[in-house]
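The values are calculated or read from the model by the stated rules, or taken from the named source; none is laboratory data. It should be emphasised that the depicted structure is a prediction, and the values quoted were computed from it without experimental measurement. We place every Cβ from the backbone using ideal geometry, glycine too, and count neighbours over all the protein chains shown.
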Amino acid sequence: MCANLTVDDEGKRVVNTNGKAVGVVKDVEAGVAYVEPGPEMTDSIKSRLRRDRDVADGMENFQLDEDYVDEITGDEIRLQRF
């Protein structure tokens with residue numbers, strides 16, 4: 001499934017295929033979500049996502065393209081299996 005990411009998705013949890021939270025959407029621009037990683041974000045997920053253009057306050061963010069999204073609900077974004 002190809003989802004449509006919008007500013008309405010800012011603040012939503014990003015979860016892996018097992019439903020475990022791996023980060024939070026901090027910003028959405030032109031169909032790309034910028035995700036602040038949580039402690040559960042694995043190196044495997046990080047390796048598939050691009051690092052953000054800016055690192056604020058020492059926290060790196062990762063770009064989540066719509067192609068990696070399986071489903072968007074009212075409070076979370078579920079990743080596809082990589």
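Screening Asp70 on (1) surrounded by fewer than 18 Cβ atoms within 10 Å (Cβ to Cβ); (2) touching a strand residue (DSSP E or B) at 6+ places or on another chain (Cβ under 8 Å); (3) modelled with pLDDT under 90 shows it passes everything except condition (3). Flag: Leu79 does not match the condition of being hydrophobic (A, V, I, L, M, F, W, C), modelled with pLDDT under 90, within 13 Å of the chain's Cα centre (by Cα) and buried (at least 18 other Cβ atoms within 10 Å of the Cβ). The residues listed here are Gly23, Gly31, Gly38; of these, the one that is within 12 Å of Arg78 (Cα to Cα) and not β-branched (Val, Ile, Thr) is Gly23.
Checking each residue in the stretch 63-81 for being farther than 10 Å from Thr17 by Cβ and in a strand (DSSP E or B) picks out Gln63, Leu64, Asp65, Val69, Glu71, Ile72, Glu76, Ile77.
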